[in-house]
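Read the figures in this text as sums done on the coordinates, not as results from a lab. Since the model is a prediction, treat every value here as computed from it, not as a measurement. No Cβ is skipped: glycine too gets one built from the backbone with ideal geometry, and neighbour counts run over all protein chains shown.
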C-alpha cells in the first residue's frame, strides 16, 4: 500500500491497475482504496493465468528488454523509458504472432 500511496499523484481518469493475485491485492483495504480512487483493478481469475497473459507478456518484455538494462532510475526517467518502450513495442518491434509485423502496422491494415 505504501507504493500505491506514493503514486497517488499519477492516478488519472480511467486508470487501470494490473496486479497478480497476491494476498495484498485481494485484501479489503486494497480493494476499498481502488474503489475510493476510481481505479479499475485488473488481475487474472484464480487458477486461470491466461486471463491477462497479453499484459503479462508485455510487462515481461518491458522488464527484460528495457528496465533491467537501465538499472535504477528516478520516477521521471522510468516514465520516459516506459512511454518510449510502449511506442517502440507498438510501432517498431516485430511480433512473431503477427507474422513479424508490428501491432501498429496490423491495426493500420485492418482499418484500411
Q: Measure off 7 Å from each Cα along the Cα-to-Cβ vector at residue 43 and residue 74, then give the distance between these two points in nanometres to one decimal.
A: 3.3
Q | Shape category assigned to segment 28-93 from the gyration tensor of Cα positions, a/c cut at 1.5 | A | oblate
Q: Take the Cβ-Cβ distance between residue 11 and residue 111 as r, set R0 to 25 Å, and report the resulting FRET efficiency rounded to the nearest 0.05.
A: 0.20
Q.
Give me the base-10 log of I(q)/I(0) for the chain at each q in 0.13, 0.15, 0.23 Å⁻¹, Debye formula, one uniform scatterer per Cα, rounded to two decimals.
A. -0.67, -0.88, -1.35
